Protein chains: 2
Amino acid sequence: MQLEKYTSLYKYTLLDNVIPFWLEHSADTEFGGYFTCLDRVGDVFDTDKFVWLQCRQVWCFAMLYNKVEKKQQWLDFALQGAAFLEKYGRDSSGNWYFSLNREGAPLTQPHSIFSDCFASMAFGQLYKATNQPGHAKIAVDTFYSILAKKDNSKGMYNKSFPGTRPLKGFALPMILCNLVLEIEHLLDADLVEKTIQDGIDTILGEFYRPDLGIILENVTPDGGFSDSFEGRLVNPGHGIEAMWFLMDLAERSNDKDLARKAMEITLNMLEYSWDKKHGGIFYFMDVKGLPPQQLEWDQKLWWVHMETLISLLKGYLHTSDERCWSWFEKVHAYTWQHFSDPKYAEWYGYLNRQGEVLLPLKGGKWKGCFHVPRGLYQCWKTLEAIAEKKSEVQYL
Amino acid sequence: MQLEKYTSLYKYTLLDNVIPFWLEHSADTEFGGYFTCLDRVGDVFDTDKFVWLQCRQVWCFAMLYNKVEKKQQWLDFALQGAAFLEKYGRDSSGNWYFSLNREGAPLTQPHSIFSDCFASMAFGQLYKATNQPGHAKIAVDTFYSILAKKDNSKGMYNKSFPGTRPLKGFALPMILCNLVLEIEHLLDADLVEKTIQDGIDTILGEFYRPDLGIILENVTPDGGFSDSFEGRLVNPGHGIEAMWFLMDLAERSNDKDLARKAMEITLNMLEYSWDKKHGGIFYFMDVKGLPPQQLEWDQKLWWVHMETLISLLKGYLHTSDERCWSWFEKVHAYTWQHFSDPKYAEWYGYLNRQGEVLLPLKGGKWKGCFHVPRGLYQCWKTLEAIAEKKSEVQYL
């Protein structure tokens, strides 16, 4: 397929298929916030409100308003979700609950620091649209709260016995690398630089294993390997997603070495985790090839594939390495053939190893208005940048 | 197949295949306790010690010693696991940890009341073999601790926000119905009767939905339906397993109505959860047919099939209903064809929906020396009882 056709496919699927799906089906006009448990055609099958997904949907519509078009409908849609979150989302200490019922009463305690991460991201993006100090304050207060609790993020809900096998996880340093760029406009420049440098050092110096070309999901406090279920765990989608966060940081500081390194790791992780039998990228693996604990290890998930497409295109943009383009075409073909629904809008989220639909939903507890629209937007814009770069080269 | 051939298959698979596998491969002769993470051939692939499985293996070898043959090797094997548990298994308040490392240091806090249930069961069965008051004391103290905390069993590790959507789970009343018979010899008769009656009333009066013929996994405190992910959840293996616990209680009190009811529910649950496309019993379902949260919902698990075989045979023994025998032959064929390993000892635990091996292990974090040997023993003995009953009928 030609570059322009890819660009157009990603752009118009975002604007004419995915965004209308969420606008049409997800608003709770009675209690505020969004429904995210939506079946194949978009009908609501459960009304619980998961704070990760509420925040991510606010972020998504604010981002579209800020970056694509100043449509009042998009901003209003973000604002109605934000109002619900402002009213019901936090406990008295400012920690974000994990889930609420339809009316906004808390269902699950604030045990996940990622609820805070996505809240800070949402209100930081919303502030860019509204300039309301209240939105900035929520983003910044939540960011400082994340920094304060990041070394013991589960707090009282931590089931690990202290000291026997301390491990640190990849998800938080990875998300901070993205979050700090999202709310850079609200933070002190030194804090931004320090957070970025810490993030890069942690990811490349501790979680990345140069001998294997692989990123691990959990390491010992000093960055060592733990030969345990948690220590052997590889989450290919996480590792690959983090690589486009690093490429964005590399672009910001014009660090070509960092961009190339992130591109190489993307390709290594992808070659390692690609299912040679049925196609698609595995959800979880054990770095020693042992049976993982996760029974869903061989399933194919939408976000893993979407994030991989972004990393491959950004890798191609920054390095012109043809392996990126060739892998992009292969992952694109798998993704659009299996996750995209030929009959109704939005994408399936969960396929079995064979690529058949495992759950006939478009949204649920973990799949909301986030990875698909963000990915379509990122791919669209990166494809445009690739086209622009190619045309510049032509006219040199 | 003839009755005697089935009997012999279950008996000799237990004695010549499964028990030798655990004796040979699972002893940690250096630190005590058992390895349960064993690959296809029995090699240890991880050394963590999960308290559920440590306890269940002690129970299993003590039970074999008590009920099958007074082999010193079996008792010694149970005792070495019990010594490890006595030394390392509990916190200072007597709560059983969830997992330990190889050396016995706690890895996971005592957040699961089922660790306590299996500990009480293990030491109660062991006491029958040893007559050591120390073993009885652990079983009884732990049982009273379970009763004391059963209404808030997760304690400080509970992530639910109090009051918004209180639910109670099926697993604990179900296991208490079995546990109370296991340690009946150590308890006051009134407490035994009360626990049994509470268990039966709760299971049949609250979790069982007569309109659907289905047992739900979670209900409201007054036994009502909660239209939420948790409230819609059906765990067919759990429900069917509980039915043979009820049949054992029915046998004890010669309650033919209870036995027949448990048999009918077994058949209903099985017809409901049998995979009409690929065979086997689904792991999780949503009672309204909506997408469940569990990504592993369509997988086929060893324990679900083993427990179903027991309930079908006990149902047949108690009611002579031919549907039980016909379903037994069907589930037997699926189970032995897919879970049994034609080349090496013990059974696979995890199959995908199509019946292919998902994880090539014989033991792990959740699969230990328990459901397969207990099921083989129960089926063997129930098949013998069926044969005896048939021969009595012949000579009437």
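The values are calculated or read from the model by the stated rules, or taken from the named source; none is laboratory data. Quantities reported herein were computed from a predicted structural model and do not represent experimental measurements. Cβ coordinates were reconstructed from backbone atoms using ideal geometry, including for glycine residues, and neighbour counts include every protein chain displayed. Just the protein is used for accessible areas: all its heavy atoms, side chains included, with ligands, DNA and RNA removed. Shrake-Rupley method; radii C 1.70, N 1.55, O 1.52, S 1.80 Å.
Can we say A:LEU204 is within 21 Å of the chain's Cα centre (by Cα) and surrounded by fewer than 14 Cβ atoms within 10 Å (Cβ to Cβ)? Taking the combined requirement at face value, the residue does not satisfy it.
For the stretch B:121-131, the count of residues that are assigned to a loop (DSSP other than H, G, I, E, B), hydrophobic (A, V, I, L, M, F, W, C) and touching a residue at least 60 places away in the same chain (Cβ under 8 Å) is zero.
In the stretch A:181-201, of all residues being under 19 Å from the mean Cα position of the chain (by Cα) and more than 22 Å from A:ILE265 (Cα to Cα), the one that is surrounded by the fewest Cβ atoms within 10 Å (Cβ to Cβ) corresponds to A:GLU184. Taking the stated definitions as given, is A:PHE118 farther than 20 Å from A:PHE61 by Cα, in contact with a strand residue (DSSP E or B) (Cβ under 9 Å, 6 or more places away or on another chain) and crowded, with 21+ Cβ neighbours inside 10 Å? So A:PHE118 fails the test.
For the stretch A:1-24, the set of residues classified as touching a residue at least 24 places away in the same chain (Cβ under 8 Å) and more than 22 Å from the chain's Cα centre (by Cα) consists of A:MET1, A:LEU3, A:GLU4, listed by residue number.
The single condition among (1) more than 18 Å from the chain's Cα centre (by Cα); (2) in contact (Cβ under 8 Å) with a residue 60 or more places away in the chain that B:MET247 does not satisfy is (1). Scanning the stretch A:95-119 for residues that are touching a Pro at 6+ places or on another chain (Cβ under 7 Å) and within 10 Å of chain B (Cβ to nearest Cβ) yields A:TYR97, A:PHE98, A:LEU100.
Listed by first and then second residue, the pairs with beta-carbon distance under 9 Å, at least 6 apart or on different chains, first residue in the stretch B:330-355 and away from chain A (no Cβ under 14 Å), second at pLDDT below 95, are B:HIS332/B:MET1. Only one of the numbered conditions (1) open to solvent by less than 70 Å² (accessible area, probe 1.4 Å); (2) at negative phi is violated by A:GLY104, and that is (2).
Output the residues belonging to the stretch A:345-392 that are part of a strand (DSSP E or B) and within 24 Å of A:ALA78 (Cβ to Cβ).
A:TRP347, A:LEU361, A:LYS362, A:GLY363
In the stretch A:34-49, the residues that are more than 12 Å from every other protein chain (Cβ to nearest Cβ) form Cβ pairs under 6 Å with partners that are open to solvent by 50 Å² or more (accessible area, probe 1.4 Å), at six or more places apart or across chains, as follows: A:PHE35/A:VAL44; A:VAL41/A:TYR344. For A:ARG56, the conditions (1) within 14 Å of another protein chain (Cβ to nearest Cβ); (2) touching a Cys at 6+ places or on another chain (Cβ under 9 Å); (3) within 30 Å of A:LEU351 (Cβ to Cβ) all hold with the exception of (1).
Taken over the stretch B:247-299, the criterion of being within 19 Å of B:LEU358 (Cα to Cα) and among the polar types (S, T, N, Q) is satisfied by B:GLN294, B:GLN299.
One residue alone among A:GLY375, A:GLY364, A:GLY315 is of a type in the set (Gly, Ala, Ser), within 12 Å of chain B (Cβ to nearest Cβ) and under 21 Å from the mean Cα position of the chain (by Cα), and that residue is A:GLY364. When you check B:LEU383 against the structure, is it over 16 Å from the mean Cα position of the chain (by Cα), crowded, with 17+ Cβ neighbours inside 10 Å and in the same structural domain as B:SER311 (by TED's automatic domain parsing), yes or no? Criteria met by B:LEU383.
Let's see how each residue does on (1) closer than 30 Å to A:SER228 by Cβ; (2) open to solvent by 50 Å² or more (accessible area, probe 1.4 Å):
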| site | (1), (2) |
| --- | --- |
| A:PHE284 | yes, no |
| A:GLN294 | yes, no |
| A:LEU301 | yes, no |
| A:VAL304 | yes, no |
| A:GLU307 | yes, no |
| A:LEU312 | no, no |
| A:HIS318 | no, yes |
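Scan the stretch B:354-380 residue by residue and report those that are of a type in the set (Lys, Arg) and buried (at least 23 other Cβ atoms within 10 Å of the Cβ). Matches in the stretch B:354-380: B:LYS362, B:LYS367. Here A:LYS149, A:LYS154, A:LYS137 are screened, and the one residue that is within 14 Å of another protein chain (Cβ to nearest Cβ) and surrounded by fewer than 17 Cβ atoms within 10 Å (Cβ to Cβ) is A:LYS154.
Checked against the criterion of being β-branched (Val, Ile, Thr) and farther than 24 Å from A:LEU126 by Cα, the candidates A:ILE200, A:ILE196, A:ILE175 yield just one match: A:ILE200. Say whether the condition of being open to solvent by 20 Å² or more (accessible area, probe 1.4 Å), within 11 Å of chain B (Cβ to nearest Cβ) and either part of a helix (DSSP H, G or I) or at pLDDT below 95 (or both) is met by at least one residue in the stretch A:230-253. Yes, that holds for at least one residue.
Among the residues of the stretch B:59-84 satisfying the criterion of being open to solvent by less than 30 Å² (accessible area, probe 1.4 Å) and touching a Gly at 6+ places or on another chain (Cβ under 7 Å), which is nearest to B:LEU179 (Cα to Cα)? Looking at the filtered set, the residue picked out is B:GLY81.
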